[in-house]
Amino acid sequence: MSSPTGPAPGLPVRMPRPRQPGRHRRPEPAAAPTGAPPLVLAVPGTPDLTTRRLAEETLSIARSELPGLDARIGYVDADGGDVGYPSLESVLAHASAQRAARAGEAQDGPEGDGADSWDRFPTAVAVPLLAGPDSSQLRRIRQAVMNSGSVTELTDTLGPHPLLAEALHVRLSEAGLARADRARLFTVATAADGIILATVGGEEAVQAAGITGMLLSARLAVPVLAAALDEEGAIARAAEQLRSSGSRNLALAPCIIGPEVAEGLAAEAAREVACAAAEPLGAYPAIGKLALAKYAAVLGLTTQPSLQGAPVR
């Protein structure tokens, strides 16, 4: 089972790629510095095995990009009664206690000044597992940070970002709703000519998803409209607007990672407007890279992975 200190034993762990020889080899990734705080992934939604696997895969990707990274999972909606699903508050409190103990050990060392590397960082960096702003979820995450009594830095959500547009493109392609690579002029008979970009979190989330939607529209050369799954009638209005502008074959692309909404909500919304739907973003590699980028920005670290959107191949 999972614990506040890492993934469950026996599960596969993504390892850093071996260094390739030659003058054009990829540069070695930076390693986490001494005293670096843990990256704590703040996971919304009901804790279950599917959610845990998604979170662990996301952190496995982050660890592969930053050797030595201490990455943990904290569940926003956990009640604290199941050690397999530690609450965000308890994970942050545990990290704070560990930091204090290690700093004390360093201070008592032979040189007596080893605590400096621990003092220059927060006790933890919490990264919300959210594709965009959701005031309700973020309020609960902030409350958990406050209740933990830790000096935790809370980052922004993962989007909007070009890598999310890439991930959405991939999910649509996997569902047969978009061409995998526009440059190859490969046509898909069921390719959508209008995309509803579904998000959660109200108007702020819709505005943020709209930015990602513009990037997705540029990739697919079709109109994209963002709409909220948690606003009654919003998906239907977006579908009507796209159809009135000439789109006939619509698709719904969930701009969500998965745990933050009830299972099947996006698919149900798609059925209501008579269109096909792609899968949520899930543990697409970009999600792990974006979580690491948020963490690295807090610590002032430079990581190797490019965070520019790439063509889908």
Elements of type helices (runs of 4 or more DSSP H) in the range 221-299, at least 1 residues being β-branched (V, I, T) and open to solvent by 10 Å² or more (accessible area, probe 1.4 Å): 234-244, 285-299
Hey, L216 hits all of (1) of a type outside the set (S, T, N, Q); (2) part of a helix (DSSP H, G or I); (3) surrounded by fewer than 20 Cβ atoms within 10 Å (Cβ to Cβ) but one; which does it fall short on? (3)
Out of A297, A218, report the one residue that is within 20 Å of the chain's Cα centre (by Cα) and either aliphatic (A, V, I, L, M) or modelled with pLDDT under 95 (or both). A297
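The values are calculated or read from the model by the stated rules, or taken from the named source; none is laboratory data. This one's a predicted model, so the numbers in the text were calculated from it and none came from an experiment. Quick reminder, even Gly has a Cβ in these numbers, built from the backbone with ideal geometry, and neighbours come from all protein chains shown. For accessibility, only protein heavy atoms count, side chains too; no ligands or nucleic acids. Shrake-Rupley method; radii C 1.70, N 1.55, O 1.52, S 1.80 Å.
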